[in-house]
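Here is the structure we will look at, set down as structure tokens.
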Amino acid sequence: MERLVLKEIVGNRLDDETGLLQLSSSQFGSRIENKRHAVSMLERIIESAKTLAAKVEDEAGLERQEAT
């Protein structure tokens, strides 16, 4: 579920065949700061995917309980 949510968040930046995610940043003049920014983006994306996947699974579990 987390991978599906991640794919929805990042779109075509995630290559389905290789599993590689391409992120880049050119917000800063320094290569090091752009690297930090890209790492920060990746951390936020992963955390969001985990959180959203857990919510979806919880909601699916509640719907199954209500159906029975």
- prompt: When only Cα pairs under 8 Å and 6 or more residues apart are kept, what is the percent relative contact order across the chain?
  reply: 37 percent
- prompt: If you count, for each residue, the other Cβ atoms within 10 Å and average over each peptide, how do 41-47, 28-34 line up from highest to lowest?
  reply: 41-47, 28-34
message: I'd like to check one number: the per residue accessible area of the chain, probe 1.4 Å, reported in Å² as a whole number.
response: 84 Å²
query: In deg cm²/dmol and to the nearest 500, what is the mean residue ellipticity at 222 nm of the chain if only DSSP H runs of at least 4 residues count, each as -39500 (n - 2.57), divided by the residue total?
result: -23500 deg cm²/dmol
message: Using a 1.4 Å probe on the protein heavy atoms, what percent of the accessible area of the chain belongs to carbon and sulfur?
response: 50 percent
query: So which aspartates and glutamates pass the test for Lys55, namely a Cα distance under 20 Å, with those fewer than 8 places away in the same chain ruled out?
result: Glu2, Glu8, Glu43, Glu47, Glu63, Glu66
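The values are calculated or read from the model by the stated rules, or taken from the named source; none is laboratory data. What you are looking at is a predicted structure, and each value in this text was computed from that prediction instead of being measured. In this analysis, Cβ positions are derived from the backbone assuming ideal geometry, glycine residues included, and neighbour counts consider all displayed protein chains. SASA here: full protein model, heavy atoms, side chains in, ligands and nucleic acids out. Shrake-Rupley method; radii C 1.70, N 1.55, O 1.52, S 1.80 Å.
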